[in-house]
Amino acid sequence: MMGYSMELALRGLRRYPKTTALAVLTVAIGLAASMTTLALLHMLSADPLRGRSQHLHLAWVDTVLAKSQTYRSLDSDWATYDYKRLKTPDAEALLAAHKGTLQAAMADLDAQVGGDKGEPSNEQLLATSSDFIPMFGVALQDGRNWTAAEDAARTPVAVIDSELAQKLFGTPKAIGRVVQIKHHAFRVIGVSQPYAPQPHFYGLNAWTFSGNERESIFVPFGAAIDVGLASSSTDGCDDVTEKSKQYIAVDPMHCEWLAFWVQLDTPQEVTAYRSFLDHYAQQQPLGSFGKKPQSQLLSVQRWLTLQNAIPDNVRLNVLLAGSFLLLCMVNVAGLLAAKFMRRGAEVGIRRALGASRRAVMLHHLFEAGMVCLLGGVLAWPLTLLGLALLRMQDQGFTDLARLDVAMFAALFALALAVGVLVGLLPSWRVSMVQPGLQVKSA
Amino acid sequence: MDMAIRPILASLRAHRTTAFLIIAEIALACGVLCNAMSMIGQNMDDIRLRNAIDEGGISVVRISGSEVKTAASDIPRDLAALRNIPGVRAVATSSDMPLDNSGLTWSFGMHPGATMNDIRNAYVEYYLVGEGADKAMGLHLIEGRFFDADEYANSTLNGELVSSGHAVVITASLAKRMWPRQSALGKLLYSDALWYAVVGVVDDVLCSDDGTRDAGGRGFYNSVFFPISPASALGSLGPANPVNDYVLRSTPRDRDRVLKAAVAKLHQLYPSARIKGQRYTDMRDQYFADASSLAWTLVVVCAVMLAVTAFGIMGLTSFWVQQRRRQIGIRRAVGATRGQILGYFRLENFLLTTAGVAIGMGLAFAINIYLIKHYEMRLMPWYYLPCCVVTLWVLGQLAVQGPAMRAAAVPPVVATRSV
């Protein structure tokens, strides 16, 4: 019976080809709009570091010797930055405690980096500590990472990526060369492959999704402080900080500027680390500032959710496209209902000859399913076109608009689901045709 | 009328499924269309916001690079060099420009000692401007005066991020919000130990910072101006990040040439610095690029949605016409005119559309509430609803036109045939 229903459905498609074409096209547009927006959302919410990120946690303790800094005004409440960063002494204390498998403090800084000759170029610099490179999976293609001893000694060494090496020295073989940062020499000890996880979860204050932005040079944060590099933003400063060092080139000793990430491989380690942080928080003399001890340990996913990393308008577009698809579905249901009811007489005869309601319904459901599958096939190139249009917009994250295998499969699953939903009402309606009545009127 | 409606209702009852689908389609279209149109409107409103500076005549040149060492004496030199470019009417320094996506913000209160977290404060974006900035930007003074030479000379940054002087110029909207029904002149703005007297009120200048414009889009014009002496104007915002704009004003006709000459001149003066020249209109366009791309996307979505709806209506009406050919023939045979047949289908469509939009308006409202709650959406102005309703009525009538004409063309003789 399945085969027969399928055959009837195929015949049905060829009758009234204009209506069929209109229905297929409508489904295709609806599916393409939905899939374009869903594919972007899917790529943006993908795991930034597959295989690693589930072990990474952002650790934060409130140690700022000042009142909590939420500013309020006539129009709105606005908080200062809240990227859960730490002051240098606390980052150093947590590094020294060495309670995680690996741990690193980090901050994104703007720096002009010069080579042997030519103009210095503006680069994103990550001031961090020695565990960053193994912990975040930066691939070294040459040379070595710096050591904890070099961290402690604030040695001016640098790991640069191959593209920066090419730009500064004309060759990726840059080991032993010297880069100039603020008129200070940093020895290149390692060359890495370009590293740009999306989203940039460990430094959301610098950017979230980047088209071509990435850190091209990594240096020990102590050495960065020594040459006078400073963060241009902070989550909060001690009251004793000079005003001019609270906002633009912030005081590293008294202002929060380093994000602290720790690798914890088991739930027991997470629990243990959490109590370690709580204990650390309780030792902070914050009572006189009206604050309770506060600490947080956040997973990558939790952190991205809290920071609202996925732009609002991406979700809004998914909603918009979804409602558009719904409209297309109602429309196609209408078209199919008209198409099916046109053969009321024929169905009446089939019913009179003994076809069951189920058989009639199945035939028409197949037909609806096929319309939507055809729509899905047509939606594929349309989706690729939609994604190409998205990539042409320059919004930082739009470069990620691509269709992966999972979303390609989702497209056809959605097409089938739409087919069944759309077919249900018209098929039921046509299966209710009374055999006798239709035969008589014909 | 009643005579016309009753047979329509009877026939719709016989085609409940298809009638329901048309109504659902129109309701959905109405719900989405109203909100999409209101979003387009909201974005277009933002894009077209008035900005009382001479947008068309301004060029901005920015010098950056941490290797650049500038002395206080360089600024008068640079200004003189830029002023000598033919076509330049005014030139001045400014910490940044309205809508350049970077900016300095502060919170000011109306009472001595006002702290940053005082609820009555106004959160503003401020510009530190050098002498002649009012002319270079083309600000329109409404009340009071712009800064005098002493105020420029005595205002430095002095370890703070705001002026060490005591003079401020604010926009008319901000003046009205802070001191409703009073003149703002001579009133004081406070922040901790700092205080500033309002010496002038200028026509509304936009500010870049989104933080100032939460709560339904107020605060677009929370801009204030402080004077700054040349000695602390350049590179004053931290040694790590010396940023400064030279603002040049010319006629729009001379602008592109002036901009090119200014960039060349500064290249000569600062061979190792990065020098970026921009037309102000481009800065504004860039600021609103996202809003305008969203608006265009929505326009396309609306157009496609209307097309899909129209085709759907056409498809279903064609089906009805075909199904009722015999009845139409009979009506024609017993004396109905073509016009009456046309009218029948038009009226039928009108009734269906009306039912659809009635439900759709409720849906539109519900969607709007949801969007306000979860996204940065403002309340939909009421007139979008009737606009949307009229659009769908017209669309329905246009869509039904083709099938209805075909119905009217059915000859009476069809009645005598047995299909």
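Brief remarks follow.
- Scanning segment B:296-319 finds no residues that are more than 25 Å from B:C388 (Cβ to Cβ), within 14 Å of chain A (Cβ to nearest Cβ), not in a helix (DSSP H, G or I) and not hydroxyl-bearing (S, T, Y).
To keep it simple, each residue is scored yes or no on (1) within 11 Å of another protein chain (Cβ to nearest Cβ); (2) within 23 Å of B:F311 (Cα to Cα); (3) in a helix (DSSP H, G or I).
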site	(1), (2), (3)
A:P381	no, yes, yes
A:L384	no, no, yes
A:L390	yes, no, yes
A:F412	no, no, yes
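- Meets criteria (under 34 Å from the mean Cα position of the chain (by Cα) and either in the same structural domain as A:C255 (by TED's automatic domain parsing) or modelled with pLDDT under 90 (or both)) for A:V64: yes
- Hits in segment A:331-360 - residues which are away from chain B (no Cβ under 14 Å), under 49 Å from the mean Cα position of the chain (by Cα) and either among the hydrophobic types (A, V, I, L, M, F, W, C) or not in a helix (DSSP H, G or I) (or both): A:A359, A:V360
- Test: residue in segment B:261-273 that is surrounded by 15 or more Cβ atoms within 10 Å (Cβ to Cβ), under 30 Å from A:T37 (Cα atoms) and within 14 Å of chain A (Cβ to nearest Cβ): no
- Looking only at segment B:22-66, and only at residues there that are among the β-branched types (V, I, T) and not in a helix (DSSP H, G or I), the one that is nearest to the other protein chains (Cβ to nearest Cβ): B:I63
- Hits in segment B:159-184 (condition: under 30 Å from A:A249 (Cα atoms), without any contact (Cβ under 8 Å) to a residue 40 or more places away in the chain and not charged (D, E, K, R)): B:G159, B:S164, B:H166
- Residue check for A:R11: outside any strand (DSSP E or B) and closer than 30 Å to A:W257 by Cβ: no
- Any hit, segment B:127-136, residues being assigned to a strand (DSSP E or B), surrounded by fewer than 22 Cβ atoms within 10 Å (Cβ to Cβ) and at positive phi: no
- Verdict on B:T353 being β-branched (V, I, T) and out of contact with any helix residue (DSSP H, G or I) (no Cβ under 6 Å at 6 or more places or on another chain): no
- Considering (1) crowded, with 19+ Cβ neighbours inside 10 Å; (2) in a helix (DSSP H, G or I), the lone condition that B:A355 does not fulfil carries the number (1).
- Meets criteria (in contact with a helix residue (DSSP H, G or I) (Cβ under 7 Å, 6 or more places away or on another chain) and within 14 Å of another protein chain (Cβ to nearest Cβ)) for B:L194: no
- Of the numbered criteria (1) of a type in the set (A, V, I, L, M, F, W, C); (2) at pLDDT 90 or above; (3) in contact with a Leu (Cβ under 6 Å, 6 or more places away or on another chain), the one B:I275 fails is (2).
- Every listed requirement among (1) at pLDDT 90 or above; (2) more than 13 Å from chain A (Cβ to nearest Cβ); (3) under 30 Å from A:T36 (Cα atoms) is met by B:L351 save one, (3).
- Single residue of segment A:119-134 satisfying the filter (over 16 Å from A:A148 (Cβ atoms) and either at pLDDT 95 or above or among the aliphatic types (A, V, I, L, M) (or both)) that is surrounded by the most Cβ atoms within 10 Å (Cβ to Cβ): A:L126
The values are calculated or read from the model by the stated rules, or taken from the named source; none is laboratory data. If you're wondering where the values come from, they're calculated on a predicted model, not measured in any experiment. Methodologically, a virtual Cβ is constructed for each residue, glycine included, from the backbone with ideal geometry; neighbour enumeration extends over all protein chains shown.
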